[in-house]
1. Compute, for the chain, the length of the dipole vector about the Cα centre, with Cβ point charges of +1 (Lys, Arg) and -1 (Asp, Glu) only. Units Debye, rounded to 20.
2. I'd like to know which of 8, 112, 170 lies farthest towards the positive end of the charge dipole of the chain, counting +1 on Cβ of Lys and Arg and -1 on Cβ of Asp and Glu.
3. Given a Förster distance of 30 angstrom, what is the FRET efficiency for residue 70 paired with residue 44, based on the Cβ-Cβ distance and rounded to 0.05?
4. With +1 assigned to the C-beta of every Lys and Arg and -1 to the C-beta of every Asp and Glu, and no other charges, what is the dipole magnitude of segment 84-218 about the Cα centre in debye, to the nearest 20?
5. I want the local charge near residue 227. Using Cβ-Cβ distances under 12 Å, sum +1 for each Lys or Arg and -1 for each Asp or Glu among the other residues.
6. For the ranges 13-20, 151-158, 228-235, 58-65, what's the packing order if you count other beta-carbon atoms within 10 Å of each residue, average per peptide, and put the highest first?
7. How far is helix 221-237 tilted off the main Cα axis of the chain, in degrees rounded to 10, range 0 to 90?
8. Taking the structure as given and computing P(r) over Cα pairs in 10 Å bins from 0, in percent, which label from [x] 5, 23, 26, 22, 16, 7, 1; [y] 6, 21, 27, 20, 12, 9, 4, 1, 0; [z] 6, 26, 35, 24, 8, 1 fits?
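Every number in this text was worked out from the coordinates using simple rules, so none of it is lab data. Values in this document were obtained by computation on a predicted structure and should not be read as measured data. Here the Cβ positions follow ideal geometry from the backbone for every residue, glycine too, while neighbour counts run over all protein chains shown.
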Amino acid sequence: MYITQGRQGQLGMWKYLPLPIAFILLMAANYFVTDMLGADVTEIIKQQISAKGKNQFFAENMAPFIFLLAGLFFWVRYVHQQSILSLTTSRKKVDWGRVFFIFTLMGIFIIVSTMIAYYLNPEIYQMNFEPASFFILAIISLLLVPIQTSFEEYFFRGYLMQGLGLAFKNKWIPLLVTSVLFGLMHIANPEVEKIGYIIMFYYIGTGLFLGIITLMDEGLELALGFHAANNLVTVLLITADWTALQTDSIFLDISEPSAGFDVFLPLLIVFPIIFMILSKKYGWSGWKNKLFGNIVP
């Protein structure tokens with residue numbers, strides 16, 4: 001059982017506390033400082049991009065995740081004395097087929113849905129393709145985006161999920177808590193400032209989706225592939241000047257941001273369809289026990 005893999009290390013709940021506390025305090029400080037100072041996050045990003053260029057600004061925002069992921073792996077391996085494999089999957093080895101299957105599935109969905117949206121509403125999109133800048137962006141993205149998404153998955157769906165599972169002896173509390181924390185991590189994003197707190201339903205819902213496929217599949221492979229595809233394909237294909245990830249992508253969304261049905265579309269339609277595809281492909285069963293069952297001490 002994946003959520004109990006933390007038992008393979010040297011137990012001690014105090015070992016689970018420093019990293020989550022430090023991360024939560026960092027996120028809280030970032031939000032409250034921004035809020036108290038009344039800072040316009042979108043304007044700050046605009047000024048940084050004007051001074052450095054989109055590629056440098058993007059790379060500087062992605063680079064810290066190298067140290068975050070390396071630090072997490074170091075803590076797990078040498079403080080918990082737990083293998084990285086047990087933090088990744090309950091299988092005897094990482095199933096890269098799962099990673100690439102959902103990466104391809106999600107990548108095709110983003111490309112097709114974007115092309116349909118462009119065909120239906122071409123006036124809200126601006127062609128932004130510049131070969132030289134895009135080539136540099138592609139290199140930066142291929143190197144750094146998977147590291148960024150992997151850190152978030154290893155931290156939330158891996159480290160925290162396993163730690164909370166050992167602490168509460170059940171699965172639903174780790175699933176709920178990690179999903180909410182994953183959503184709150186995005187609360188200082190300029191998207192929230194532009195669209196409003198309603199977009200938190202999307203962020204928390206995405207965290208819940210990723211947590212469910214992790215528990216049902218007994219490993220991180222699907223969550224790793226999904227998250228990497230979502231961020232990587234998006235930053236290469238389309239961005240907007242009011243998002244956290246502003247890049248020299250192929251298309252630029254120039255529409256005015258609003259909290260429409262598209263906020264709930266993934267939660268109500270896309271994610272359920274992906275659940276059905278994955279459930280059929282990998283033969284998932286015992287949903288109630290895998291998501292709400294107790295963990296035997």
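1. The dipole of the chain has a size of about 1620 debye.
2. Highest projection toward the positive end goes to 8.
3. 0.60
4. So the dipole magnitude of segment 84-218 works out to roughly 620 debye.
5. -2
6. 151-158, 228-235, 58-65, 13-20
7. Rounded to the nearest ten degrees, it is 10.
8. Answer by label: [z].
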